[in-house]
Amino acid sequence: MTTGPAAHQNAVTAEYMDLSPLQVRITTHRLYSECPDSPDVTVRDQLRLPSDADLLDVGCGTGQFLRDLDHDGHTGRLTGIDTSPEAIRQTTAGRVSALHASASNLPFAPEAFDIVTARHMLYHVPDPLHALQEARRVLRPNGVFAATVNHATTAPRTHDLVRAVIEDAGVTPSANSPVNAISSDTLPPLLRQVFGNVTTVRYDNALVFPQPEPLADFAVALLPFNGISATDPDHGRLAEEIRGRAVRWFSDHPGQVWRDPKGWALCSATAT
């Protein structure tokens with residue numbers, strides 16, 4: 001297995017050829033968080049987005065964030081970029097446009113946007129510092145950059161379950177993990193380095209699963225983060241083992257829930 005920026009990007013590309021695992025993770029956090037948890041709503045509320053702001057969403061994913069803004073009457077330009085063709089397809093609708101591009105090479109002129117968002121995607125970027133510099137380049141004076149990023153130890157129990165299944169099966173991951181070391185602890189210093197300022201608001205929470213099925217679905221959706229993509233020949237049997245262990249855990253712990261701490265931060269900076 002090769003390593004380096006190219007291998008990292010290949011892993012990211014493989015992970016998002018199909019957005020189904022991403023949608024499972026999004027749905028899981030929406031339905032099974034101990035406290036209400038909606039990063040998209042939080043970004044909108046905290047930034048008090050002006051309705052006429054030109055906004056770029058880097059790593060637009062399913063496009064729901066931009067489509068919701070359009071649906072709610074946002075009059076400024078709404079643009080998304082992503083390296084996933086499926087993300088581009090899902091995002092493009094109404095007044096929302098989407099381009100195939102990377103955070104490291106934004107295809108826009110300097111000072112093209114009032115707001116740049118990067119929601120739960122900087123941990124997929126080979127060079128996060130360069131991506132922040134690119135975001136700063138395309139922001140107008142007094143423009144705002146906002147990123148959401150997980151705590152370093154989000155959902156450790158479920159990640160441990162996935163790793164244990166892989167190790168016990170004697171499987172060597174066929175790909176690199178598509179995530180880097182960016183977290184709510186490591187991002188703020190980088191933002192301060194690029195922008196000279198940063199505001200960080202942390203949101204601590206937990207996932208709570210009352211039955212095995214949603215736990216298993218979420219755990220299977222984490223396999224790519226351990227180098228096992230949906231096309232990996234071992235994916236099917238590992239997924240089956242994960243589901244079996246989830247069922248056994250609930251059988252062995254009647255009346256209990258699977259609680260897994262998690263959290264994320266909203267980090268923002270102003271282009272002064």
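All but one of (1) within 17 Å of the chain's Cα centre (by Cα); (2) under 22 Å from LEU22 (Cβ atoms); (3) surrounded by 20 or more Cβ atoms within 10 Å (Cβ to Cβ) hold for VAL165; which doesn't?
If we test VAL165 against (1) within 17 Å of the chain's Cα centre (by Cα); (2) under 22 Å from LEU22 (Cβ atoms); (3) surrounded by 20 or more Cβ atoms within 10 Å (Cβ to Cβ), just (1) comes out false.
Every residue, every condition in (1) exposed (fewer than 15 other Cβ atoms within 10 Å of the Cβ); (2) of a type in the set (D, E, K, R); (3) at pLDDT below 95; (4) out of contact with any helix residue (DSSP H, G or I) (no Cβ under 7 Å at 6 or more places or on another chain), yes or no:
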{"site": "ALA152", "(1), (2), (3), (4)": "yes, no, yes, yes"}
{"site": "GLY170", "(1), (2), (3), (4)": "yes, no, no, yes"}
{"site": "SER177", "(1), (2), (3), (4)": "no, no, yes, no"}
{"site": "PRO188", "(1), (2), (3), (4)": "no, no, no, yes"}
{"site": "ALA216", "(1), (2), (3), (4)": "no, no, no, no"}
{"site": "ASN226", "(1), (2), (3), (4)": "no, no, yes, no"}
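Restricting the search to segment 116-139, which residues are more than 17 Å from GLY61 (Cβ to Cβ) and among the β-branched types (Val, Ile, Thr)?
VAL138, the sole residue that qualifies.
Could you list, in sequence order, the residues of segment 179-216 that are of a type in the set (S, T, N, Q), over 24 Å from ASP45 (Cβ atoms) and either part of a loop (DSSP other than H, G, I, E, B) or in contact with a Gly (Cβ under 7 Å, 6 or more places away or on another chain) (or both)?
Hits for segment 179-216 are ASN180, THR186, GLN211.
Among the residues of segment 235-261, which ones are farther than 18 Å from ASP160 by Cα and within 26 Å of the chain's Cα centre (by Cα)?
Within segment 235-261, GLY236 is the sole residue that qualifies.
Inside segment 228-239, can you point out the residues that are in a helix (DSSP H, G or I) and buried (at least 19 other Cβ atoms within 10 Å of the Cβ)?
Matches in segment 228-239: LEU238, ALA239.
For segment 201-210, does any single residue satisfy the condition of being touching a strand residue (DSSP E or B) at 6+ places or on another chain (Cβ under 7 Å), farther than 22 Å from ARG30 by Cβ and touching a residue at least 40 places away in the same chain (Cβ under 8 Å)?
No, that holds for no residue.
The values are calculated or read from the model by the stated rules, or taken from the named source; none is laboratory data. Worth saying up front: this structure is predicted, and the values here are computed from it rather than measured. Heads up, the Cβs are rebuilt from the backbone with ideal geometry, glycines too, and the neighbour counts pull from every protein chain shown.
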